[in-house]
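This report concerns only the one structure given below.
The values are calculated or read from the model by the stated rules, or taken from the named source; none is laboratory data. Fair warning: this is a prediction, and the values are worked out from it, not measured in the lab. Neighbour counts run over all protein chains shown; Cβ positions are idealised from the backbone, glycine included. Just the protein is used for accessible areas: all its heavy atoms, side chains included, with ligands, DNA and RNA removed. Shrake-Rupley method; radii C 1.70, N 1.55, O 1.52, S 1.80 Å.
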Amino acid sequence: MKELTPEQIQENWSKLRNIISDTFAGERLEKMNKMYDYFEERMCLAPASGKEHFHNAHPGGYVEHVLHIVDFAEQLWDVWGRNGATIDNFDKEELIFAALHHDLGKVGDLSEDNYIHNDSDWHRKNQGMIYKHNPKLQYMTVTDRACWLLQHFGINMSENEYIGLRLTDGLYEEANKTYYMNWSKDNQLATNIAYILHQADMMASKIEYDEWARGDHDIKVEKEEEVKKKSQQSAAANQAFKDLFGE
Ligand SMILES: [Fe+2]
């Protein structure tokens, strides 16, 4: 299983809070800060999914995933614009707001986490089910819970932000079908915000899956251990040299 160090988790949290304070202002920023302060401890440790072969099913996986989608959405916004798409009928603040909150419901409700530790070793080992859904939660889709939490903290969103956040899962969410698959001229999506966010979310989750499947983290940990071992060996060699020949 991929693991983040406490320092990496802390660093990701600071990055997330900086994106928020650099992007938003005024009353909305104040309300967002209140919400992020409220969830700090739980959000820092939340995973992005429950199964390791989905994506980022590890403590800190949620924040890492959100940082990925914000980064990729900004990059794709440029790619779409450079290639002739209309991207000036929504702004970057709206894109970042929707990216930041598209999975907010994965944190859970006001008192209960969405994902809880799976105490069945068999399921963890054989099926990669690292977490399970918290049965104490009222059933709600992740997107519905995101909207509910935002309204609870009095955080308003624009129509573009709502459409972007609501449709980030693309056609993986059955309820999105009428938005994406309709053949009426009048019902086409008015902006590209949802397409860009869906592409960014796909990219983020597939890259997170690839990192897990390749065992990048394990390789990194092995390398760090190797470096540590080598530096211990060279410290021992230095000491032996000093013992033999003096300072
Ligand atoms: Fe996502």
> What percent of all Cα-Cα pairs in the range 39-167 falls in each 10 Å bin, counting up from 0?
Replying inline: 12, 38, 31, 15, 4, 0
> Using alpha carbons only, how many degrees (0 to 90, rounded to 10) separate the axis of helix 61-82 from the longest principal axis of the chain?
Replying inline: 60
> Cα axis of helix 26-45 to longest principal axis of the chain: angle in degrees, 0 to 90, nearest 10?
Replying inline: 50
>> As a quick test, which of the pairs Lys15/Lys206; Lys2/Lys132; Lys15/Lys136 have an alpha carbon distance above 28 angstrom in this structure?
In response: Lys15/Lys136
> Based solely on its DSSP helices, what 222 nm [θ] is calculated for the chain when runs of n ≥ 4 H residues each add -39,500 (n - 2.57) and the sum is averaged over all residues, nearest 500 deg cm²/dmol?
Replying inline: -20000 deg cm²/dmol
>> Rolling a 1.4 Å sphere over the protein heavy atoms, what is the accessible area per residue of the chain, to the nearest Å²?
In response: 57
>> Suppose every Lys and Arg Cβ carries +1 and every Asp and Glu Cβ carries -1, with no other charges. What dipole size does the chain come out with about its Cα centre, to the nearest 20 debye?
In response: 400
>> Which three extents, in angstrom, do the Cα atoms of the chain have along their principal axes, listed largest first?
In response: 85, 45, 36
